[in-house]
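A.B. asks: Before we start, here is the structure in question, set down as structure tokens.
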Amino acid sequence: MTSTISGNNALPLAGIQVLDLSAYIAGPYGCTLLSDLGAQVIKIEPPEGDNLRKYPSTLEAESRAFIGVNRGKRGISLDLKSAEGYEIFLKLLLGADVLVHNFRPTVPPRLKIDFQTLSQLNPKLVYCAMTGYGSSGPMANNAGYDQVLQAMSGICDSQGMGKPEPEIVYGSVVDFYASAMIANSVNAALFKRERTGQGSYVEVSLLASALTMQSTRLVWAEGEPKNIERDMRSGGITGIHPTKDGFIYLSANTAHFWQALCTLLGLQALATDERYDTVRKRAENASIIVPIIRNALQQRSAQEWEVHFGTQVPCAMVRPVQDMFEHPQVQAEGLVREFSHSKIGKYKGITGLIKMDHAACATERAAPDFGEHTSELLAEYGYSEQQINQFRQRGIVR
């Protein structure tokens, strides 16, 4: 298993304080990535909690999605609409380096948490607004969600190519790409602050994320029609194929891998046939080649082919996600670790996604229970036990 950087002081964002006011996936996971790098993240939830907690889940005590998205944080529930709640928030803000939210553009001014207001109180603040569509234009105040943007931006249309209907790409791919953009942008703003001493307003949108994911398609040369084939799929060879038992994904775009695939399948005649010696030719002749390859694949199971191809052909047996917990490569990289949660007890989850100096940057803290660290955090900011109890009784904190 890969080594881990131990202790927040050894991590690159040690000493950085992040206030996470965001909900669902993109904003929260962006903050989780910052936590992996050593930032101290405080997740601030409204009295009703992050909506992701309410999502259907076969894990009874807590939403599986919330647990998976919010590791590495301390949690507090705070009513920002109350005078006392807002005052508590401002105390947290004065000690913060970064604030991340995913409110629609009209909401922060109403809650007095807009950049103009907060940067006057904390000029070094890196303020990150995660929006659906950006802060300008006719859709700026529309609610943006992963699959809404998939449908709007062409992802569903492309995924359903050749099928009767468009298809969603499941797994919240736009959200998670946006989370990486959040972490990258915040780190860039922190680097800028090191040089200038000034904070920054950072903006990331689901729209920009969905379009960025399609950079290979979104190229429109002068003089060519707009409505043209933009897909970059390389033809029928590269893709998922049935075997004697199960399915396997094969990639054979280069001459080297095409030769290796044909040799290991016992189809040397294909490898030397000039009609199929380029990716384009193989794509044009897929109706001829694919049946031959699939017939050969019926000799073994997907797992057996994966072993047989080894390092010579890029491939993967199609597996369910739960197989990743104990996959030897995942284990070797230390990407699955054990956490302990106040409600669900011990569980395995993903961490250590980034390595630095050959060691994984990983958090050991599980996602917080709702309001789990409210008393702890308020005490750190100077509130007495009596004050905290009064706040709870009045619904200002949970």
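The values are calculated or read from the model by the stated rules, or taken from the named source; none is laboratory data. As the structure is a computational prediction, the values presented were derived from the model and not from experiment. Every residue, glycine as well, gets a Cβ built from its backbone with ideal geometry; the counts of neighbours run over all protein chains shown.
A.B. asks: Would you check which residues across region 285-327 are over 29 Å from the mean Cα position of the chain (by Cα) and of a type in the set (S, T, Y) and list them?
C.D. replies: S287, S301 - these are the residues of region 285-327 that are over 29 Å from the mean Cα position of the chain (by Cα) and of a type in the set (S, T, Y).
A.B. asks: Shifting gears a bit: When you go through (1) over 20 Å from D20 (Cα atoms); (2) free of Cβ contacts under 8 Å to residues at least 40 places away in the same chain; (3) not hydroxyl-bearing (S, T, Y) one by one for I354, which number turns out not to apply?
C.D. replies: All conditions pass for I354, except number (2).
A.B. asks: Moving on. May I ask you to say which residue of D79, D114, D97 is in the same structural domain as I388 (by TED's automatic domain parsing), surrounded by 20 or more Cβ atoms within 10 Å (Cβ to Cβ), more than 23 Å from the chain's Cα centre (by Cα) and charged (D, E, K, R)?
C.D. replies: Answer to the check: D79.
A.B. asks: Further question: Does region 247-276 hold any residues that are closer than 21 Å to G310 by Cβ and assigned to a loop (DSSP other than H, G, I, E, B), and which are they?
C.D. replies: S251, A252, N253, T254, G266, L267
A.B. asks: Can you name the residue in region 117-138 that is of a type in the set (A, V, I, L, M, F, W, C) and over 20 Å from the mean Cα position of the chain (by Cα) and, of all such residues, is farthest from Y29 (Cα to Cα)?
C.D. replies: L121
A.B. asks: What's the total number of residues in region 16-37 that are closer than 17 Å to L93 by Cβ and more than 13 Å from the chain's Cα centre (by Cα)?
C.D. replies: Count: 7.
A.B. asks: Moving on to the next point. What single numbered condition from (1) touching a Gly at 6+ places or on another chain (Cβ under 6 Å); (2) of a type in the set (F, W, Y); (3) assigned by TED's automatic domain parsing to the domain that holds R282 fails to hold for F339?
C.D. replies: If we test F339 against (1) touching a Gly at 6+ places or on another chain (Cβ under 6 Å); (2) of a type in the set (F, W, Y); (3) assigned by TED's automatic domain parsing to the domain that holds R282, just (3) comes out false.
A.B. asks: So which residues in region 117-141 are among the β-branched types (V, I, T) and either surrounded by fewer than 17 Cβ atoms within 10 Å (Cβ to Cβ) or at positive phi (or both)?
C.D. replies: Across region 117-141, the qualifying residue is only T117.
A.B. asks: Still on this structure, I have one more. Inspect all residues belonging to region 207-217 and state whether any of them is at pLDDT below 95, of a type in the set (V, I, T) and farther than 17 Å from A26 by Cα.
C.D. replies: yes
A.B. asks: Now, a different point. Anything in region 200-258 that is in contact with a helix residue (DSSP H, G or I) (Cβ under 7 Å, 6 or more places away or on another chain) and without any contact (Cβ under 8 Å) to a residue 24 or more places away in the chain? List them, or say none.
C.D. replies: Within region 200-258, L218 is the sole residue that qualifies.
A.B. asks: For the condition touching a strand residue (DSSP E or B) at 6+ places or on another chain (Cβ under 7 Å) and surrounded by fewer than 16 Cβ atoms within 10 Å (Cβ to Cβ), what is the one hit in I228, I248, I240?
C.D. replies: I240
A.B. asks: Follow-up. Would you mind listing the strands (runs of 3 or more DSSP E) fully within region 277-361 where at least 1 residues are at pLDDT 95 or above?
C.D. replies: 315-317, 336-341, 345-350
A.B. asks: Given the criteria in contact with a His (Cβ under 8 Å, 6 or more places away or on another chain) and either surrounded by fewer than 14 Cβ atoms within 10 Å (Cβ to Cβ) or of a type outside the set (D, E, K, R) (or both), does A366 qualify?
C.D. replies: When the stated conditions are applied, A366 passes them.
A.B. asks: Take the residues in region 226-246 that are modelled with pLDDT of 95 or more and part of a loop (DSSP other than H, G, I, E, B), then tell me which one is farthest from A143 (Cα to Cα).
C.D. replies: Checked region 226-246; the qualifying residue farthest from A143 (Cα to Cα) is K244.
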